[in-house]
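The values are calculated or read from the model by the stated rules, or taken from the named source; none is laboratory data. This structure is a prediction, so every number in the text was calculated from the model and none was measured. Quick reminder, even Gly has a Cβ in these numbers, built from the backbone with ideal geometry, and neighbours come from all protein chains shown. Ligands, DNA and RNA are excluded from the accessible area calculation, which covers all protein heavy atoms including side chains. Shrake-Rupley method; radii C 1.70, N 1.55, O 1.52, S 1.80 Å.
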Amino acid sequence: MTTTRQDAWTHDEDLLLAEVVLRHIREGATQLAAFEEVGRKLSRTAAACGFRWNSHVRKQYKTGIEVAKKQRKELRTLNSQEKVDEQKEVQVHVKEPASEVEHTESTQPTQLSQPTQSNQPSSNSKNAIKDLISFLQQYEDAPSIKEVQEENQQLRNKIQELQNEVEKLQDEKQSLTNHLQVVEEDYRALIEIMDRARKMVILQEDERSRKVKFQMDKNGNLERVEK
């Protein structure tokens, strides 16, 4: 059992999808048959191929679609003309007696080459169609390459913008880090000042709360006694 792919479409897969769909249009087949053929080749569903064609690839091949439709019309006209010529040829051989045919061969040899002349434009037309298809395939590849190059350039520009943004954010981060260090140092200094001020207030309150008493020592001098 084959696994149905659901990954992103590549440029080569888009080209294959366009080639098969245009071929089906030229041959007068349905697009659904083209989607099913592409799905079998790429292990994708026909619905996924149809969605990719209508949403993305179709826009890039508007000219190719018009040319393919025109070629389909020309092929139908050529096939119809060939059928008409064959029917006329059959009717001529059936209706004309053998003597008249022999008389025609002897008197008007140029008429015998008429069927060959009617077939000659068909062969030339088919060769011209093949040359046109080859030319269109080369022509369709060129815009795709140009589009990829433009997309790559846009991605490069986007990457450069992101790199500049990253550098800017790194500079802002470094600036904030330095500012934070300064704030932390100022905070520690403030805490030390507040702690020293608190200790000084406590000492002052202790000195005020102490009671001072003087007494006579052995030598008859007054000395200070703290309680």
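A few notes on this one:
- Of all the residues in segment 47-78, those that are more than 20 Å from the chain's Cα centre (by Cα) and either outside any helix (DSSP H, G or I) or closer than 15 Å to Trp9 by Cα (or both) number 0.
- Some residue of segment 22-36 being touching a Gly at 6+ places or on another chain (Cβ under 7 Å), in a helix (DSSP H, G or I), in contact (Cβ under 8 Å) with a residue 24 or more places away in the chain and surrounded by 13 or more Cβ atoms within 10 Å (Cβ to Cβ): yes
- From the options Glu147, Glu165, Glu223, residue that is surrounded by 10 or more Cβ atoms within 10 Å (Cβ to Cβ), modelled with pLDDT under 90 and not in a helix (DSSP H, G or I): Glu223
- Breaking point among (1) of a type in the set (Gly, Ala, Ser); (2) open to solvent by less than 70 Å² (accessible area, probe 1.4 Å); (3) free of Cβ contacts under 8 Å to residues at least 60 places away in the same chain, for Ala47: (2)
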